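In what follows, a structure is listed as structure tokens, so that the remarks can point back to it.
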Amino acid sequence: MPREHVARIFAQQAGACGRLGSPLYAALLERTAEDIRAGGPCAAAVAGYEGLALDDALPLRLMGAVHALALTGRAPELAAHYPSVGGTFTPEAPEEAWAAFRALVAAKREWVGDWLRRPPQTNEVGRSTLLLAGLLHIVPSAQLPVRLFELGSSAGLNLRTEQFRYSAGDFFWGPADSPVQLTDAWTGPVPDWLWAGAERHQALRIVERRGCDPSPIDPLSADGSLALRAYVWPDQPERLARLDGALRIAAKVPATVEAANAAEFLSAVELEHGTLTVVWHSVMRQYVPAAEWAEVERELARLAASATEEAGFAVLAFEPRDVEGTHAFWLSVRSGAGPERLLATAHPHGLPARWPGRGE
């Protein structure tokens, strides 16, 4: 792949990071793109991996590799500019951070190469805002046992969604002392359907937590927790705080994440009498090949067709989509064989959510 094309991929990611609230990564990725064009150390680091640029987030793989060095104390000069390890980044004067970043990429080629071979892994705990809202809405009666199955689980942190605390204005739900506090979770008024769900469910009874991922992460291992932290952008401390809290919960609340693709995983799922089986996925569909997603849809249709009042089934999804000419990230719900309903939009990382009136 031509070097200029790879540089454009990095420049595009720089723009995305800037729009999503990371001036540090916006600045570093913009300069990385320039370094690739010039044939500098960053061009040498990604040589041989150019085929990953389009579909597999090559820029974020590189950034994760470098962040991991800072998190493990191997990059003190760069760490001085990374807020995640106590440093300070000044957007108006990014050159010192860039110099340290570029020197590190040049010096740690073997480390960087190892991370470039890894699929980028994030487990955005903020997306549980959407999962929890969907569950409160879709579970029909208090204390009904819920079996939660997640596609593209990464480390499975969002399988513990009812363990988190959610708040927006005078709306509160979840354990007050939870180490994950999702504050200011929504903008605008909380809709009637969510209030009704919260009143119906003082708690949720989740009796099974299972997920799948092509390359699952063990959140309780040192390597797994490092990978999760490394892929969080270092100038977004609120995301890091949510992740740290979710890791503490994961140590107490077990969940199983299998190494499997989504269709294979669903083929082994059957509904159970006296429970509601919920399949959930968030910002993962674009990573699944079209042929495999067609198999996923067939498995979901199979489960929906077998649903009864005694053995319920629902699908919750938080995915990017075009609605009425506008591209946004939407929470959708589908109960049994019923129609899909769009309930809310949100930031790609899940916070804040916005209720545009649909489903009220």
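In the assembled protein chains, Thr72 presents an accessible area of approximately 60 Å² (probe radius 1.4 Å). Kirkwood-type hydrodynamic radius, region 22-96: 13.2 Å, calculated from all non-identical alpha-carbon pairs.
Need one word for region 258-339: rounded, prolate or oblate. Basis is the Cα gyration tensor (sqrt eigenvalues a ≥ b ≥ c); a/c below 1.5 gives rounded, then a/b vs b/c decides. Here region 258-339 falls in the oblate category.
Beta bridges per DSSP, both residues in the chain: antiparallel share near 40 percent. Within region 79-148, the trypsin sites (Lys or Arg not before Pro) that combine a DSSP coil assignment with at most 14 other C-beta atoms in a 10 angstrom radius are Arg117. Each Cα pair under 8 Å and six or more residues apart adds its separation to the average, and for the chain the resulting relative contact order is 17 percent.
For region 224-360, the equivalent ellipsoid derived from the Cα gyration tensor has semi-axes of 27, 21, 16 Å, listed largest first. Probing with 1.4 Å while keeping every protein chain in the model, the per residue accessible area of region 28-158 equals 36 Å². Just round it to a whole percent: the fraction of Cα-Cα distances in region 139-286 exceeding 27 Å. Of all Cα-Cα pairs in region 139-286, 26 percent lie more than 27 Å apart. For the set His327, His349, His5, solvent exposure ranked by accessible area (probe 1.4 Å, protein chains only) runs largest to smallest as His327, His5, His349.
Distances longer than 14 Å among the Cα atoms of region 312-360: what percent of all pairs is that? Percentage above 14 Å: 51. Secondary-structure-derived ellipticity at 222 nm for the chain, considering helices only, amounts to -12000 deg cm²/dmol, per-run term -39500 (n - 2.57) for DSSP H runs with n ≥ 4. Looking at region 256-332 only, what percent of DSSP beta bridges run antiparallel? Nearest 5 please. So the antiparallel bridges in region 256-332 amount to around 45 percent. In a reduced charge model with +1 at each Lys and Arg Cβ and -1 at each Asp and Glu Cβ, region 1-73 shows a dipole moment near 120 debye about its Cα centre. Simple point charges give the picture: +1 on the Cβ of Lys and Arg, -1 on the Cβ of Asp and Glu, and for the chain a dipole about the Cα centre of about 360 debye. How many nm is it between the label spots at Ala251 and Arg354, if each spot is 7 Å from the Cα in line with the beta carbon? The modelled label-to-label distance comes out at 3.8 nm.
Distance from the Cα centroid of region 84-162 to that of region 36-76 is 17 Å (rounded to whole angstrom). Summarising the label geometry, the points placed 7 Å from Cα in the beta-carbon direction at Ala99 and Phe171 lie 4.9 nm from one another. All C-alpha pair distances within region 203-290, sorted into 5 Å bins from zero, spread as 2, 10, 18, 21, 20, 16, 8, 3, 1, 0 percent across the bins.
Shape summary of region 133-216, radius of gyration then Dmax from alpha carbon positions: 13.6, 40 Å.
The values are calculated or read from the model by the stated rules, or taken from the named source; none is laboratory data. What you see is a predicted model; the values in this text were computed from it and never measured. Note: ideal-geometry Cβ built from the backbone for every residue, glycine included; neighbour counts use all protein chains shown. What goes into the accessible areas is simple: the full protein's heavy atoms, side chains included, and nothing from ligands, DNA or RNA. Shrake-Rupley method; radii C 1.70, N 1.55, O 1.52, S 1.80 Å.
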